[in-house]
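These notes are about the structure you will find just below.
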Amino acid sequence: MLFLNPRYRSLILDTVATQLNTVRDSFKKNNPAFNGSVIVVGHSLGSVISWELLSSPADDCVGRLKSMPDSFVALGSPIGCFSCVSFEDSLTSRLAKLREAKVDIFNLFHPNDPVAYRLEPLL
């Protein structure tokens, strides 16, 4: 998987962060009176990439996003699997970072989905 390769991981994180920042800036420019909630939604591997941008303490993720969302929604996400095999820090410490930033986290999955994992058993 390319995301686990350090060479591509950085490129993927940069590309997604740039797109999120561009959409956010454009929306704020076109809707200056907006004061609603901002929600990041990721599906499957997209949720892992978003999770990494939002929760990683790694230097290569710090400061990539101009602001944190109010909520993060993971749909059919393998975050639980990735946290067991590839993340250097614990799921608990990553959740603590998001709680500190006041980001609500929702993990939606179907029990028969072969890719989606629950997060609760890992806490």
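The residues of the chain expose, per residue, 61 Å² of accessible area to a 1.4 Å probe. With loop membership from DSSP and a limit of 13 other Cβ atoms within 10 Å, the longest segment of the chain without trypsin sites (Lys or Arg not before Pro) is 1-65. Applying both filters, DSSP loop and at most 12 other Cβ atoms within 10 Å, to the chymotrypsin sites (Phe, Trp or Tyr not before Pro) of segment 10-104 gives Phe34. From the Kirkwood radius over Cα pairs of the chain, Stokes-Einstein at 20 °C and 1.002 mPa s returns a whole-number translational diffusion coefficient of 142 µm²/s. For the chain, the relative contact order is 25 percent, taking Cα pairs closer than 8 Å that sit 6 or more residues apart in sequence and dividing their mean separation by the residue count. Between Thr22 and Val85, the simple label model (points 7 Å from Cα in the Cβ direction) yields a spacing of 3.2 nm. Within the accessible surface of the chain, defined with a 1.4 Å probe on protein heavy atoms only, the carbon and sulfur portion equals 58 percent. With 0.36 nm allotted per residue and the present C-alpha distance subtracted, the Asp104-Asn35 stretch has 23.1 nm of extension available. With +1 on each Lys and Arg Cβ and -1 on each Asp and Glu Cβ, how big is the dipole of segment 2-123 about its Cα centre, in debye rounded to the nearest 20? Charge dipole of segment 2-123: 300 debye, to the nearest 20.
The values are calculated or read from the model by the stated rules, or taken from the named source; none is laboratory data. The structure presented is a predicted model; accordingly, all values stated were derived computationally and were not measured. All Cβ positions, even for glycine, are placed from backbone atoms using ideal geometry, and neighbour counts span all protein chains on display. Note: accessible area is taken over every heavy atom of the protein model, side chains too, but ligands, DNA and RNA are not part of it. Shrake-Rupley method; radii C 1.70, N 1.55, O 1.52, S 1.80 Å.
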